Amino acid sequence: MSTITILGAGFMGTAVAWPLADNGHAVRLVGTHLDADIIRSCQASGYHPRLRRQLPAGVQPFYVEQLDHALAGADLIVSGVNSLGMHWIGRTLGPRLWPGATVIAVTKGLEATPAGDLRILPDVLRDELPPSLRDRVALAAIGGPCIAGELAGRRHSCVIFASRDAVALPRLRATFQTPYYHITTSTDIIGVEVCAALKNAYTVAVGIAGGLLEAAGGVDEAGAGMHNLAAALFGASAREMARLVALMGGGENVAWLPGVGDQYVTCVGGRTIRLGRLLGLGRTYTQAVAEMAGETLEGAYVIQQLARVLPVWEAQGRIGRDELPLLRMLCRVITTDAAVVIPFEALFGN
């Protein structure tokens, strides 16, 4: 069996410890500088306060100051930070990695460059590594629908592991897969990662329908809600996601796990759908952020990154002025505090 170090003790970083431990691996769970309270609880009682579960046997918690010890002899590293921590984890791991190391990330997001390029997060991490290591470390990512609490509860979950390194994928699959954690692999890491990030952005749009319903007084006396609108926004999301995957050079089909599959589970609940609901209720983005103080709004962060690149792509002739109407609305709402105005006539190109 292997020794696996997870850096980041939040929801999903910790949740992957369950299939790893169930497969008999020794798991070292290292909190970041933001996870001290979590690690304190885990060391004292084995209880993870955010997942509200006892850690499985074989998982040993460490503070970030103990990272060198936790990495000693590790066969695999899991990056469990959110998208805002990707530069930090690259700089932190970079001096400690070795040729032949493998790093797999649970993080989902995109980042815009000053030149107007849009980059997947494994490439952001790669550029933080020492130049001599960048082509000697295998980088992989996890996409697809997976709620951390369900994975830690050993509920059936189907995900996709992606990497440009085709040799690493079978080993990763064998390391993680259990009777409840089902893994498909892909070398199209761009397609998988773009889908994984965009589903967060577009779930904000789907959540707007719930807020509009609440603002209108809720379900009427005949039981009518706004499922039609939510479904239309979900369908428009899939259409635009497919266009953006193509623009980024990915080949992944949006119509399965990494795209609409992942978006569906995000629409079921959580902070992203709540943000959309608040916007639908009439809150500005600034007001919604204040109301959700303390939450990491990764969907909004992705929208902000896209807002930076869309004008560049348009100037370059990569997209037309009328393309991606739903995304353009989200960009206005998130970056300028504009009111929600759904572009019905433009959503499906008619």
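The values are calculated or read from the model by the stated rules, or taken from the named source; none is laboratory data. Note that the coordinates shown come from a computational prediction; the quantities given were computed from them, not determined experimentally. Cβ placement follows ideal geometry from the backbone for every residue including glycine, while neighbour counts extend to all protein chains displayed.
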Just to be sure I understand, how many residues within the range 257-272 are of a type in the set (D, E, K, R) and surrounded by fewer than 24 Cβ atoms within 10 Å (Cβ to Cβ)? 1
Please work out if V333 is β-branched (V, I, T) and in contact (Cβ under 8 Å) with a residue 60 or more places away in the chain. no
In contact (Cβ under 8 Å) with a residue 60 or more places away in the chain, farther than 24 Å from V124 by Cβ and either of a type in the set (A, V, I, L, M, F, W, C) or crowded, with 22+ Cβ neighbours inside 10 Å (or both) - does that describe any residue in the range 188-204? no
Inspect all residues belonging to the range 124-137 and state whether any of them is under 22 Å from G259 (Cα atoms), in contact with a strand residue (DSSP E or B) (Cβ under 6 Å, 6 or more places away or on another chain) and touching a residue at least 60 places away in the same chain (Cβ under 8 Å). no
Can you go through L306, L310 and tell me which one is aliphatic (A, V, I, L, M) and within 18 Å of the chain's Cα centre (by Cα)? L306
For the range 224-249, the count of residues that are among the small types (G, A, S), under 30 Å from R164 (Cβ atoms) and either in a loop (DSSP other than H, G, I, E, B) or touching a Lys or Arg at 6+ places or on another chain (Cβ under 9 Å) (or both) equals 2
Of a type in the set (K, R), within 23 Å of R126 (Cβ to Cβ) and either within 24 Å of the chain's Cα centre (by Cα) or outside the structural domain of F161 (by TED's automatic domain parsing) (or both): which single residue out of R53, R96, R91 fits that description? R91
Please enumerate the residues belonging to the range 106-118 that are of a type outside the set (G, A, S) and over 22 Å from G8 (Cα atoms). T113, P114, D117, L118
Would you check if A346 is free of Cβ contacts under 8 Å to residues at least 60 places away in the same chain, touching a Gly at 6+ places or on another chain (Cβ under 8 Å) and among the small types (G, A, S)? no
Candidates E221, E252, filtered to the one that is in a loop (DSSP other than H, G, I, E, B) and in contact with a strand residue (DSSP E or B) (Cβ under 8 Å, 6 or more places away or on another chain): E252
Specify which of the listed residues (A101, A148, A112) is out of contact with any Phe, Trp or Tyr (no Cβ under 7 Å at 6 or more places or on another chain), assigned by TED's automatic domain parsing to the domain that holds L51, buried (at least 18 other Cβ atoms within 10 Å of the Cβ) and in contact (Cβ under 8 Å) with a residue 60 or more places away in the chain. A112
